[in-house]
1. For segment 44-53, enumerate the residues that are open to solvent by less than 90 Å² (accessible area, probe 1.4 Å) and more than 20 Å from Gly93 (Cβ to Cβ).
2. Restricting attention to segment 76-94, report how many residues are open to solvent by 10 Å² or more (accessible area, probe 1.4 Å) and under 15 Å from the mean Cα position of the chain (by Cα).
3. Within segment 129-170, which residues are part of a strand (DSSP E or B) and among the charged types (D, E, K, R)?
4. Between Lys63, Lys58, Lys149, which is under 23 Å from Asp43 (Cβ atoms), under 14 Å from the mean Cα position of the chain (by Cα), open to solvent by less than 70 Å² (accessible area, probe 1.4 Å) and among the basic types (Lys, Arg)?
5. Which of the residues that make up segment 105-132 are touching a Lys or Arg at 6+ places or on another chain (Cβ under 9 Å) and either farther than 14 Å from Pro143 by Cα or surrounded by fewer than 16 Cβ atoms within 10 Å (Cβ to Cβ) (or both)?
6. May I ask you to list the residues in segment 86-108 that are at pLDDT 95 or above and part of a loop (DSSP other than H, G, I, E, B)?
7. Taking segment 50-84 as the region of interest, how many residues are under 15 Å from Phe151 (Cβ atoms), at pLDDT below 95 and among the aromatic types (Phe, Trp, Tyr)?
Amino acid sequence: MNEFSEYDHMMAEYYTKMSNYSLPLMSWEFYGEHHTTLEFFKDDIGALKKITKNWKFKHNYYKEFIEEQSVIVITNTNLKIVYASQNIEKMNGYSPDEVIGNSPKMFQGNDTCIETSSEVRNAINNGVPFEVSILNYRKNNTPYMCLIKGFPVHDKRGKLINYIAFEKVA
């Protein structure tokens with residue numbers, strides 16, 4: 001029993017020396033909210049780790065999901081969607097399963113700016129990053145302005161293998 005007393009005394013001294021040895025109840029609330037958000041994106045983060053393991057392109061996906069609240073869309077070199085994060089449904093009403101295999105043009109409509117679409121196409125053809133705001137359409141045909149930051153993705157040998165876009169309602 002004496003060992004426990006010594007241990008308790010040692011731990012009490014340790015925590016007393018710490019500047020923040022107690023957490024206010026509000027910090028527990030903040031942690032809980034942050035934890036819930038991270039839990040929502042856990043599957044997306046896991047999928048991105050698998051997809052991006054051979055990429056030369058490195059990015060902070062936690063920041064994109066948590067701070068920027070971006071939707072992540074990845075296409076192959078033929079511009080067919082191979083991955084969409086779960087939060088795409090919140091942005092435009094489409095589930096990830098509904099968009100996989102389609103072109104991102106599925107989000108465009110009658111009033112989508114042709115010049116902006118051409119700007120994106122030129123950036124893709126030239127293999128350079130781009131950032132545009134474009135009029136897209138939700139599943140229910142309501143329009144929304146979408147800010148898209150797109151990047152070509154190369155594997156570790158330098159071969160173009162994917163395109164990645166970080167999107168959010170502008």
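1. From segment 44-53, those open to solvent by less than 90 Å² (accessible area, probe 1.4 Å) are 44-48, 51-52; that's our starting set.
Those that are open to solvent by less than 90 Å² (accessible area, probe 1.4 Å) and more than 20 Å from Gly93 (Cβ to Cβ): Ile45, Gly46, Ala47, Leu48, Ile51, Thr52.
2. Of the residues in segment 76-94, the ones open to solvent by 10 Å² or more (accessible area, probe 1.4 Å) are 76-80, 82-83, 86-87, 89-91, 93-94.
Narrowing further to those that are under 15 Å from the mean Cα position of the chain (by Cα): 82-83, 86-87, 89-91.
Total meeting the criteria: 7.
3. Initial filter on segment 129-170 (part of a strand (DSSP E or B)): 130-137, 143-155, 160-169.
Within segment 129-170, Glu131, Lys149, Asp155, Glu167, Lys168 meet the criteria.
4. On the way: Lys63 fails: open to solvent by less than 70 Å² (accessible area, probe 1.4 Å); Lys58 fails: open to solvent by less than 70 Å² (accessible area, probe 1.4 Å).
One residue alone meets the criteria, Lys149.
5. Residues satisfying the conditions are Ser117, Pro129, Phe130, Glu131, Val132.
6. The answer is Gly93, Tyr94, Ser95, Ile100, Gly101, Asn102, Ser103, Gln108.
7. 3
The values are calculated or read from the model by the stated rules, or taken from the named source; none is laboratory data. Because the structure is a prediction, the values reported are computed rather than measured. Please note: Cβ atoms are built from the backbone with ideal geometry, for glycine as well, and neighbour counts cover all protein chains shown. Accessible surface is based on the protein model in full, side chains and every heavy atom, while ligands, DNA and RNA are left aside. Shrake-Rupley method; radii C 1.70, N 1.55, O 1.52, S 1.80 Å.
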